[in-house]
Amino acid sequence: MIATLFLASAAIPSTPDLGKAEGQCRPDEKGSAYLVEVAGLKDRKGRLKLELYPANDADFLADDNILIAAGKPFRRVEEPVPPSGPVELCIRAPGPGSYALSLLHDRDANRRFSLSIDGIGFAGNPKIGWSKPHAAAASAPVGSGPTRITITVNYRRGLFSFGPAEK
């Protein structure tokens, strides 16, 4: 279950600043990065948190402290949701390759996923069910420069499904 996944990840508290220095894009930077267009926001409340993980099932959505201690790729970018206009986030990648990306719309800005409030999306826009998607379905390739992708945010709909916000 997706709720179990996020409860389990809360067992080891995340360190909110881990991966931010490495993930933050800088003006006119030319290295590997994802330029993520955020689609399907339910509203303009709260914060967006974009995270980069290794593109394998064992490390995808693993605790940031563990990934960094093991020398594995992990990056994070957090920003308030802009009040209007297009929404784009930039996250640096360690280099060319394929990485898994998750995007949280933390509508109440409490830094935790709440199944009934928040939205979530992944690179590749896999269908979201009651378990996390496979890393391969939530990954995207990046070259030696910025790569544009779109992530659609999904929210819980009723008891048993997830999907983009209904407008």
Worksheet item: Any chance the stretch 22-33 includes a residue that's within 15 Å of GLY124 (Cα to Cα) and hydroxyl-bearing (Ser, Thr, Tyr)?
Response: no
Worksheet item: Conditions: (1) part of a loop (DSSP other than H, G, I, E, B); (2) touching a Phe, Trp or Tyr at 6+ places or on another chain (Cβ under 9 Å); (3) under 19 Å from VAL36 (Cβ atoms). ASP59 meets all but one. Number of the miss?
Response: (3)
Discussion item. Checking the structure you have, find out if any residue of the stretch 17-38 is modelled with pLDDT of 95 or more, surrounded by 15 or more Cβ atoms within 10 Å (Cβ to Cβ) and in contact with a helix residue (DSSP H, G or I) (Cβ under 6 Å, 6 or more places away or on another chain).
Written reply: no
Worksheet item: Got a number for residues in the stretch 36-88 being aliphatic (A, V, I, L, M) and within 16 Å of ALA138 (Cβ to Cβ)?
Response: 10
Fill in: Whichever residue in the stretch 71-92 is in contact with a Leu (Cβ under 7 Å, 6 or more places away or on another chain) and under 16 Å from ASP59 (Cα atoms) and, among such residues, is surrounded by the fewest Cβ atoms within 10 Å (Cβ to Cβ)
PRO73
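The values are calculated or read from the model by the stated rules, or taken from the named source; none is laboratory data. Worth saying up front: this structure is predicted, and the values here are computed from it rather than measured. So basically every Cβ, Gly included, is an ideal-geometry build from the backbone, and we count neighbours across all protein chains shown.
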